[in-house]
Amino acid sequence: MAGAVPTTAFGQAVIGPPGSGKTTYCLGMSEFLRALGRRVAVVNLDPANEGLPYECAVDVGELVGLGDVMDALRLGPNGGLLYCMEYLEANLDWLRAKLDPLRGHYFLFDCPGQVELCTHHGALRSIFSQMAQWDLRLTAVHLVDSHYCTDPAKFISVLCTSLATMLHVELPHINLLSKMDLIEHYGKLAFNLDYYTEVLDLSYLLDHLASDPFFRHYRQLNEKLVQLIEDYSLVSFIPLNIQDKESIQRVLQAVDKANGYCFGAQEQRSLEAMMSAAMGADFHFSSTLGIQEKYLAPSNQSVEQEAMQL
């Protein structure tokens, strides 16, 4: 029919700090989605990405190159990347021309890792906002390395960054703890895994930090940061091991619920999925407990001994 409105497209905007596993996530998720029968288009929005391991449908490097920008404008890597995003923002007609022939695909956008792009710089948010006007429903998938859970101070900083990202990006949002299979390579967790995924009473983290002579001097600052996080009460995490199909499926269910894909006529539509999304009945505790048993070594200490250590 002439003049018909294009079909709604769905996708994920994969964001997170450098080294959090965004490109690996795009590879693993694209393979999983294709196994489900979805047509997938992976879009690389990171000009610094070289040697991509996945089949790239659209590459921002065709529009602007980070090396060229750094040489021409004498900018460093961070400044050059911000310029590239501003250049893409000013040339969104190029991006739309690349995406329009891919209607009917499920999109995965591999985004740059500069944290400032997702916390206070406006270019990436403006690009996402424009995509929404193209009837492209995105969920922001924010990856952070799970080993930060082993350090209370770093975990508080991750919570602050995740909260700032959620407020700035202005998309339906899922936070992931990536590389779960490596979580205890950097140290033991002070609490059970669900304490970190559900962001439970953070006052226990403050008590844990008080045992460190350095952080003892910053207790009031940490208390205010924790109070801010708890006042918003927005941040939670889903644990992810990209090599584990069950783990990927849990993430995909959360993403499909966030962007509305599960309410459509696609392969995931079922009465159970729709009722679960409508009622919010996810019941993550049992799955988190299973992940803890799989990836975390059991503690030989009693509850009383652990309490005495804290």
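The values are calculated or read from the model by the stated rules, or taken from the named source; none is laboratory data. What you are looking at is a predicted structure, and each value in this text was computed from that prediction instead of being measured. Cβ coordinates were reconstructed from backbone atoms using ideal geometry, including for glycine residues, and neighbour counts include every protein chain displayed. Side chains are part of the model used for accessible areas, which takes the heavy atoms of the whole protein and leaves out ligands, DNA and RNA. Shrake-Rupley method; radii C 1.70, N 1.55, O 1.52, S 1.80 Å.
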How far apart, in nm, are the 7 Å Cα→Cβ label points at GLU31 and GLU89? 3.6 nm
Treating the Cα atoms of the stretch 125-192 as identical point scatterers in vacuum, please give the log10 of the normalised Debye intensity I(q)/I(0) at q = 0.15, 0.25 Å⁻¹, two decimals. -0.57, -1.05
Would you mind getting the accessible area per residue of the stretch 156-242, heavy atoms of the protein chains only, 1.4 Å probe, in Å²? 51 Å²
For the cross-link pairs LYS98/LYS257; LYS22/LYS179; LYS154/LYS179, which exceed 18 Å when the distance is taken from alpha carbon to alpha carbon? LYS98/LYS257
Over the Cα atoms of the stretch 14-59, each weighted equally, I'd like the Debye log10 I(q)/I(0) at q = 0.14, 0.24, 0.27, 0.33 Å⁻¹, rounded to two decimals. -0.32, -0.90, -1.09, -1.39
What Rg and what Dmax come out for the stretch 67-125 when only alpha-carbon atoms are used, in angstroms? 13.3, 41
Which value results for Rg/Rh of the stretch 1-107 when Rg is the Cα radius of gyration and Rh the Kirkwood radius based on the inverse mean 1/r? 1.01
At q = 0.12, 0.16 Å⁻¹, the log10 of I(q)/I(0) for the stretch 32-166 from a Debye sum over equal Cα scatterers comes to -0.55, -0.94
